[in-house]
1. For segment 519-646, list log₁₀ I(q)/I(0) at each q in 0.10, 0.11, 0.14 Å⁻¹, using the Debye formula over Cα point scatterers of equal strength and ignoring solvent, two decimals each.
2. Kindly provide the GluC sites (Glu not before Pro) of segment 540-646 that DSSP labels as loop, not H, G, I, E or B, and whose Cβ sees at most 14 other Cβ atoms within 10 Å.
3. Calculate one ³J(HN,Hα) per residue across segment 62-76 by plugging θ = phi - 60° into the Karplus curve 6.51 cos²θ - 1.76 cosθ + 1.60, and present them in order as whole Hz with x for glycine and proline.
4. How high is the relative contact order of segment 259-351, in percent, with contacts defined as C-alpha pairs under 8 Å that are six or more residues apart?
5. Which lysines does Lys190 reach when only Cα atoms under 20 Å apart count, and residues fewer than 8 places away in its own chain are ignored?
6. Between Lys162 and Asp251, what is the FRET efficiency for a Förster distance of 25 Å, r being their Cβ-Cβ separation, to the nearest 0.05?
7. What is the set of long-range amide H partners of Ala132 at a cut-off below 5 Å, with H atoms built 1.01 Å from backbone N?
8. For a protection proxy built on the mean count of beta-carbon atoms within 10 angstrom, sort 412-424, 186-198, 207-219, 249-261 highest first, please.
Amino acid sequence: MGLTATEKIIAAHMVEGEMDPGGQIAIRIDQTLTQDATGTMAYLEFEAIGIPKVKTELSISYVDHNLLQSDFRNADDHRFLRSVAARYGIQFSSPGNGICHQIHLERFAVPGKTLLGSDSHTPTAGGCGMLAIGAGGLDVALAMAGQPFYLRMPYITGVRLKGRLGPWVSARDVILELLRLMTVKGGVGKIIEYFGPGVATLSATDRATIANLGTELGATGTVFPSDEATKGFLVSQKREAVWQELKADRDAVYHEIIDMDLSSLEPMIACPSSPDNVVPVREAAGQPVSQVIIGSCANSSFRDIVVAAKSLESSGIHPFVSFEINPGSRQVLENADMAGALRTLIHAGARIHQCGCLGCIGMGQAPATGTISLRTFTRNFSGRSGTKDDRVYLCSPETAVASAIKGVITDPRNLGKAPEVLLPKTYLINDNGIIPPPEDGSKVSVLRGPNIKPLPEFEPMPEDLQAKVLLKVEDNITTDHIMPAGSKILPLRSNVPAISEYVFSAIDPEFPSRAKETGNVVIVGGENYGQGSSREHAALVPRYLGVRVKLVKSFARIHKANLINFGILPLTFIDPDDYDRIEQGDTVNIPGLRSALLKGSDRVSVEINQDKTIQARLELSERDRSILSAGGLLNWVRAGIDAGRA
């Protein structure tokens with residue numbers, strides 16, 4: 001039996017385990033990336049491990065999220081990140097240089113390699129034939145320390161492409177269609193691998209868009225083959241030396257196959273407030289829009305900017321629309337300028353912002369009350385934009401610019417002949433924004449501002465756990481619900497006591513104060529709990545407030561891993577109907593919990609109010625159980641170092 005492209009990468013990097021779907025494996029990590037919203041904590045964790053230098057082939061610290069400098073805090077964090085990078089042998093991408101995933105694709109992605117990033121959209125590099133996975137910052141810190149990354153061996157879903165995209169239809173519509181078919185939880189426990197003759201018609205940046213938004217399926221990653229299109233992209237980046245062919249064997253077996261004819265697709269749009277609430281644009285057409293933004297790690301490449309500019313060569317922006325451009329990288333900005341696209345956009349009235357995430361993470365660009373905002377962003381969770389009860393739609397650059405021209409949601413096919421965008425054979429390359437570390441960083445002083453606080457210490461799991469159900473929530477709770485983003489809260493990422501005041505603030509603003517008075521806390525939830533961002537703060541900060549257990553119907557992958565890393569027990573209902581038998585305010589007792597963990601029990605009894613008992617599942621590896629018993633991954637690693645295990 002042949003291997004898929006994904007299996008070939010995993011087999012080449014396997015440290016522990018077998019490629020049996022669902023079983024635990026450990027893989028060697030070649031590269032890591034962090035961004036500033038998660039990186040400050042990741043590097044505090046790396047420092048706590050206590051090794052003098054990173055052990056990966058390549059590690060890069062990007063600054064792309066917290067770009068607004070309304071006070072000292074973001075600037076202090078950037079200075080900290082720059083000094084940490086110099087101290088420990090890490091490349092540093094400066095503020096304004098661009099979005100981590102766009103830059104990594106351009107300058108560092110290598111077919112056949114593994115990449116672990118403290119950002120959920122790290123799988124973008126799968127467009128270049130990498131196995132790229134998003135994870136919590138602590139997992140990334142351990143990878144930088146030379147430790148393998150542990151995960152459940154994913155099922156491999158094959159998407160077989162044929163045909164060619166039609167006029168005004170682009171890569172964004174491919175992944176929106178897949179989100180419509182699979183939903184935001186359809187990819188949990190899976191890697192999505194694309195194959196078939198249609199793949200050859202997609203450029204590397206097209207593939208990166210699709211791989212990026214595979215994250216919204218809940219997938220562990222997305223992998224494209226490395227072929228002539230990949231080689232051509234690397235040639236254009238003057239990095240052809242790293243190219244190697246990667247493709248599935250002819251007799252490779254996929255867990256499931258989804259067939260998609262690219263020529264049959266039409267422009268699609270995700271309606272508020274979920275990336276899988278997808279319909280054809282024609283069904284949403286005619287609604288007035290007030291804001292349109294092209295940008296984010298999904299759609300801010302050269303091609304995305306230029307297609308908007310060419311669409312505006314003979315048209316203007318509607319007077320009631322704020323049309324905004326967030327370039328993905330300085331390279332994109334410079335090459336768009338060389339192509340004449342910037343002049344066209346500026347002349348048409350577009351607002352050109354700095355290269356970064358910006359409104360996608362809620363760092364500015366909040367829309368007006370009660371208005372529709374069209375964005376090429378990754379997520380449209382309610383309130384994520386910074387405006388309460390927002391109406392955010394997600395779409396392709398073609399749909400975005402067509403709607404900016406007409407002032408209403410518009411199927412771009414109504415604009416007439418589609419523009420042709422020719423990608424540069426060689427990009428103008430400027431790496432001045434990437435600062436390499438010195439050969440010997442041991443004398444570099446790490447600079448810390450007053451907002452950077454030490455990591456909290458957590459105690460081991462007790463034998464018997466008594467706690468109170470302080471919050472009960474529904475299905476598809478996101479990490480934005482748990483630990484919000486935005487310009488007010490993001491600058492607090494390196495200050496756990498301060499940011500703890502905002503835990504669950506979107507659902508229950510009184511939760512932090514009640515948690516401080518309660519002691520041990522249980523959270524009860526529904527399906528796909530913790531979907532969205534990789535932000536480990538959604539586990540770390542609740543643990544700081546006393547959350548010891550999350551009992552839900554099912555977990556999103558990264559969030560479950562982060563809970564384990566910080567000593568929060570992830571339990572799932574064996575009988576989903578038991579969700580209705582436990583309420584906010586109930587008292588919970590789990591006797592013999594520590595022993596159950598260490599003995600490998602697959603379930604525990606959860607006593608509720610001393611008058612009823614339900615059964616909950618422990619879906620944990622032996623390593624997970626040891627980590628939870630120790631009170632978290634850092635405790636476990638330190639104990640292992642002391643015992644000579646790590």
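1. -0.30, -0.37, -0.60
2. Details: sites: Glu583, Glu607, Glu619, Glu622; in loops: Glu583, Glu619.
Here the GluC sites (Glu not before Pro) that fit, given the DSSP loop and packing criteria, are Glu583.
3. 9, 10, 8, 9, 8, 8, 6, 10, 7, 8, 6, 5, 5, 4, 5
4. Worked out over segment 259-351, it gives 27 percent.
5. By straight Cα distance, Lys190 reaches Lys8, Lys113, Lys247, Lys553, Lys560.
6. On the way: r = 19 Å, r/R0 = 0.77.
Calculated transfer efficiency: 0.80.
7. For Ala132, whose amide H was placed from the backbone, the distant partners under 5 Å are Leu115, Gly126, Thr222.
8. Numbers: 412-424: 15.0, 186-198: 22.0, 207-219: 28.7, 249-261: 13.4.
Order by mean packing, descending: 207-219, 186-198, 412-424, 249-261.
Quick note: the coordinates plus some simple rules give every number you see, no bench work behind them. All values derive from a computational prediction rather than experimental measurement. Note: ideal-geometry Cβ built from the backbone for every residue, glycine included; neighbour counts use all protein chains shown.
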